[in-house]
Every structure is written in structure tokens, then in C-alpha cells.
């Protein structure tokens, strides 16, 4: 009986699966039960009730308005906004830099190629945390105090307190200009069938000039004024203007330089995956190298680039948690501060993990949709 | 009768020389490349001279007193000379520092030894296991009159190496298991493996490290504690297992189905098939991505800084807090980055060599 069961492959697979499930879920249940028991023993209240309490800690920089009297939930939102803000900036900057890097690595010019390779090997083979701390120490320690701030351009000051530059404020009826631009965009999208049918019409140029004219007119009628506010030294720090804190500068610089190396190699791989014949064919059609790259090679290489680039963008978002090392108040920074203050470790980490899982899943979804669109274009 | 006349040997015509291949043409062939040459040379020489000023000419060398660093405009290498032991071995008792030094030397020796494919056999694995157990025992002490050193006083390079070896050495078999489960025929195992892999890959490593350092102690029964170094090791291991599993899955997927059918037809059991047919071929295909993942994991060990463990980076930062010295952050980070660079760059070159070697084997 037992022998027959043992040598029956279906019975064996069922037994194996039951065993694996018991082991896995049993361990999980054991851990959760222990946690529950320990928490009730120590009298630690669990739950998310504390989110509405006042946070009582300052956040040095934020996109959303925030005061220490605001709730923890508000502080988390502020941290999340900061995370998303720096992620988007790094993604855009590192993609552009990575593209340039890919071109430099493909160049036959020995110096350009050598410098790009040197940069790549250095950034890819040292830990990101070390690089971030290196930039942070360079920004904070080797720069002068605000009184002796470096002044490379008029109105731009670089000191230990960060980078200050003039801010531009728009006054007057500026939404009118934005509406005009939005309308122009809608019209452009609406004209798409016509553009497809009659590609020889100089629609693009006419449209561009028209939009520019409409914007200028809206600008004039709305009395839009641009005024710039230069930073002024008051006491020990600068007032006015726009400021980038040392933390933000170090994080942006470090993450961008690090990620650009990885993005660059992905882009280079994509460009190299396009057959050499495509370059030659475009050349024989009389296209210039840049046009060839833009119209022939890049669209084809996107198919190869998009899947690894998705995971690269996701790892950038995850890498922003290293803001903890330099002290930029992103989500992980706010949450660890909260955990230290309230002791609600499980809830805080659950929020952190939940948010990152949501971001990961939604970015994968979005990039998969984009990927499908590119593939569809190719089939046509 | 016809005579066979042998025509004189004609030397093979060499390939025509492409004028565009010459170094001169690449550097100054067109206006654009000439501008690029001048700009790159100018910037490069400027950066190089500034760097040489800072690191060589104005530097304070080991042996000179720390006070000189405050006046000098160059690098303070004297600090590194003075604090070398503290950066490399953390707060391990100075008289006992031959022990972590021996452990580091052993691990590096074993890594170099295992690089050669000729050493990929059971004996090396056993040597690794025995050696690692011996290393841990030597670090811990408490036997044969060796002073007992708790893990809280371990630090520096040995901690980084131990964490990396643990994350990769235990993470690799775990990753193989996860990948096999995800590609396998058991629905429950596939579901669990997929969930675990996707969950962990969707999370930042820092959240896992916090989980291990803050939440894991709450999840254990009263009286049972796990050392904090071990907890970080567990988090790193699980993290690397998930990433390695995805890489290995890529290798498994690229295997032609005929290989599996052929081994079935030969009557191999599942285990024999996996061990003798599937894994050797699958792993060979993913050497480059596997090495990349390994490099990423070695770099990731530096994140334990954030949960307060003393790896190489944190002991470097701890050494900087000495009030008797100025704080040469840049020099210290250079030194630490240099150590990581040697390990990671060496590994990446090694993987290229290995790939070439296997490719040559296939052509033969």
C-alpha cells in the first residue's frame, strides 16, 4: 500500500506540495503568532491609530506644506512626495546622461571612449552608499561657509548650506498661457489622422509658428511678468531665491551618476542589438548619422531596451531609500524617525513595504503597457 | 607525359588598410573629432593635475603628525596610515587583530582558489564549509585560551567579507531551489516561489534589513534571540536568493526542451536530470548576469551601515570621529571605495574570462 503510494507520481507530487505548504505557511503562522503574543505581553498597542496624532518632528525640506504639528499621516505623505520627486528627477537625468554615455562608449574616438569606460568602471564597481557619502562629504565639508560662498555665476551661491540660485516668479494671468499650450496639444493630437494621411504637408512648421504666436498673444494680454528673486546673504544664511540643500544635492548627484552608468550600458546594448545593415541602409538612403540614430536605430532598439530599463527605473526608486545615509527626508527617513519616536515598528515597516510594492507593481504595469505599444508598432 | 609545374608561392594579400582606422584619423579626422580630442585632453589634463596636486604633491604622508593635516591643502594620507587597523578591523581588540586578519586572508585565498573551474568539485565545497566554520570560531574565540570576542565588537573588512560570503554562498543554493520551484510542475511550490521572489524584488533592501533588525526579534518566542550580525546576514541572504533565482530562471528557460526529453528517455530521475543535465547547462548560460548580481550583492553589504552594524564602511566612519584628527572624509571614502573596486572589478574581469573560456569550449 505504502509502496504503491510512494511510487505513484501523482500521490508523490500531492504529498510534496502538502509538505511544502505546511512548512511555509506553518513558519509564517508561527512568526505571526509569536509577534502577537510578544506584543500583547509587553502591552504594545498595535494598529494604525497613531497616524492621526501630531508628528512633532520637523522635516527639513518638502514639496507639500508641513509643520511639526501636522499628523504622522501628513508626514508620510510629505516623505512619499519627496521620494517620488527625487525618483522622477533621477530617472530623467540618468536616462539622458546614460544615452550620452552609450554614444560615448560606441564612439571610435579613443579618448572619448576611454573616459566613458573609466567613468563606467568606477561607478559600477563601488557601492552606491559610499558614493553618496563621498558626494555628501564633498558638498558639506569642502565648501566654504555662507559668508565666503563661491559665486560662480551672478546670483548663484555655492556654500556649505547648499546651492542657492535665483528663483523666477510668474505674475499676472499666466494660466491663460498654459491653457493655450494645452489647447495646442489637443489640436496636435486631433490632427493625427491628417498627418498620417498627408505626411508631406508642412503641418509641423505651421503648427509650431501658430502655437508660438498664440502663446505670445496670451502672454501680452494676460500681462504676464517674470520677476527673479536673487538670494541675499542675511546673517548666517541666504534668504530668497531657490535653494538646493546639501542633502538633496548629494542624493541627486550621487544617484544620477550611479544610475547613468547602468542605464548607459542598457542603452548601448539596445543600440548594438540593431543590425549593422540598418545603419548602412540608412546611410545609403542619404540620412545623416544623427537622423539615422533618431529615426531608424532608436525606435528599433527600444524593443530591447524597455524591459531591462523597467527594472532599472524600479531599482532607482528603491535606491532612493539610501537617502537615509545622507539625511534627505524621503519616505524611509520619515518612517524610521516615526518608528524611533512611537515604537510602532511593524506598522511603519508595513507602510514602507506596501508603498514600495505599489510603486513597483504600478511601474511594471505601465512599462508593460508601453512595451506592448512598441511591439505593436513593430508588427505593422 | 605532362610535367607538373609548381608555381611560386604568392604571399596572401593583406586586407586593405582602412585609413579611418588609424589613431591619427580617429583623433583628428573630422572637425568634430578634433574638437572632442582638444576638449577631452584639456579637461583630462586639468583634472589629472588637480588630482595629482591634491593626492600627491600637497598630501600629508603616513608618519607625519595629524596637526599637519589641518594646515595642508592636500590629502591626509597620514590619517589612513594611523587608522588603518581601525578601518579594517573595527573595534576588535587590537591585541587580537591577527584573528580577523587571518580570516580575511583565508576568505580571499579561498575566493582566488575557487576561481579556477578545475577546483569546482566537492572537495572545495567541503573546504569552504570547514573553513568558514573555523573562521567564525576563530573570530568568536573562547576556546584554547583565545579571548572571547562577542560579535558586537566585530567590524571592518571581515564583517563585509563574511556577510558577502554568507549572502552569496547560502543565497545561491536557495536561489537555485526557488528558480527550480518556479519553473517546476508543483503548483503550490510554484505559487510560493513566485510570491517570495516577486515580493522581495519589489522591496528595497533597507526595508528587509529593518525587518530583520527590528521586527524579527519580536517574531521569535521569548528567550530565543538571534545575533544582530546573523539577522543582517539572513536579510542579505534572502534578498540575494530572490535576485539570483531570477537570473537562474533565465538560464533554465533558455534550455531547449529536447534536453529534458532526452534525459527522461534515458531514464534519469528528476534529481539526476536536474543535477547532471539541467543545472550545468543553465548556469553556464548565465555567467555574466550571475556575476553582475554577485557584484551588486557585495556592494549591497555596505547597506548594513544603516541598521548600525560595523562593516568596512561604518568602521571607516567610526574612525573619523576621533577628535585628535581632522576629518578626512574624502580620503577615507576613497580608500574604502578602492577596496570594493578591487573586489568587484576583479570579479567582473573574471566573469569575462570565464565566458570566453566556455565559448571556446563550445566551438571545439
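Here, each number is a calculation from the coordinates, and none is a lab measurement. Computed from a predicted structure; not experimentally measured. Glycine also receives a Cβ, built like all others from the backbone with ideal geometry; neighbour counts cover every protein chain displayed.
Miscellaneous remarks
- Chain A - Kirkwood radius from inverse mean 1/r over Cα pairs (Å): 26.1
- Dividing the Cα radius of gyration of segment B:110-152 by 2.2 N^0.38 Å, with N the residue count, gives 1.51.
- A simple spin-label model places the labels of residue A:84 and residue B:13 6.7 nm from each other, with each point 7 Å out along Cα-to-Cβ.
- Inter-chain neighbour count for B:337-348: the average number of beta-carbon atoms from partner chains within 10 Å of each residue's beta-carbon is 3.
- Square roots of 5 times each gyration tensor eigenvalue, C-alpha, the protein assembly as shown, largest first, Å: 43, 40, 34
- Shape metrics for segment B:1-87, restricted to C-alpha atoms - Rg then Dmax, Å: 29.2, 100
- Computed from the Cα positions only, the extents of segment A:2-42 along the three principal axes stand at 52, 14, 6 Å, in decreasing order.
- Using only alpha-carbon positions in segment B:269-340, the gyration tensor eigenvalues give semi-axes of 43, 13, 7 Å once each is multiplied by 5 and square-rooted (largest first).
- When the Cα atoms of segment B:160-306 are aligned to their principal axes, the ranges along those axes come out at 53, 33, 24 Å in descending order.
- Length, then width, then depth: along the principal axes, the Cα atoms of segment B:197-245 run 34, 15, 15 Å.
- Cα-based equivalent ellipsoid, segment B:85-243: semi-axes from gyration tensor eigenvalues, Å: 31, 22, 13
- Set of segment B:222-262 residues, backbone N closer than 11 Å to the point 7 Å along the Cα-Cβ line of residue A:368: none
- Label separation (residue B:120 vs residue A:60): 4.8 nm, computed from points 7 Å beyond Cα along the C-beta direction.
- Most tightly packed first, judged by the mean number of other beta-carbon atoms within 10 Å of their residues, the peptides A:186-195, A:317-326, A:47-56 read A:317-326, A:47-56, A:186-195.
- Counting only the Cα atoms, segment B:94-363 fills a convex hull of 169 Å³ per residue.
- Residue mean of other protein chain beta carbons inside 10 Å, B:248-259: 0
- Most mobile listed residue (B:22, B:185, B:240) in chain B, GNM with C-alpha springs under 10 Å: B:22
- Residue A:148-residue A:350 pseudo-label distance in nm [points 7 Å out on the Cα-to-Cβ vector]: 5.4
- The shape of segment B:240-364 comes out prolate: with a ≥ b ≥ c from the C-alpha gyration tensor, a/c is at least 1.5 and a/b beats b/c.
- Distance-filtered residues of segment B:78-92 - backbone nitrogen under 15 Å, label point 7 angstrom along residue B:152 Cα→Cβ: B:91-92
- Judged by the mean number of other Cβ atoms found within 10 Å, the most tightly packed of the peptides A:197-205, B:315-323 leads the ranking B:315-323, A:197-205.
- Remark: the residue B:43-residue B:288 segment gains 84.8 nm on full extension, using 0.36 nm per residue and subtracting the alpha carbon distance.
- Other protein chain C-beta atoms within 10 Å of residue C-beta, averaged over B:195-207: 6.
- Stretching the chain fully between residue B:269 and residue B:31 yields a gain of 79.0 nm (0.36 nm per residue, less the alpha carbon separation).
- Of A:347, A:61, A:280, the one that fluctuates the most in a GNM where chain A has Cα springs shorter than 10 Å: A:280
- In segment A:34-119, inverting the average of 1/r over every pair of distinct C-alpha atoms gives 17.3 Å as the Kirkwood radius.
- Measure of compaction for segment A:167-229 (Cα Rg per 2.2 N^0.38 Å): 1.40
- In this calculation the C-beta distance from residue B:227 to residue B:195 is compared with R0 = 41 Å, giving a FRET efficiency of 0.90.
- Gain on full stretching of the segment that runs from residue B:133 to residue B:353 - 0.36 nm per residue minus C-alpha separation: 76.1 nm
- Segment A:78-199: C-alpha gyration tensor shape, a/c 1.5 cut-off, then a/b vs b/c: oblate
- Segment B:45-152 - convex hull of the alpha-carbon atoms, volume per residue in Å³: 160
- Restricted to Cα atoms, segment B:299-364 shows a radius of gyration and a Dmax of 18.2, 64 angstrom.
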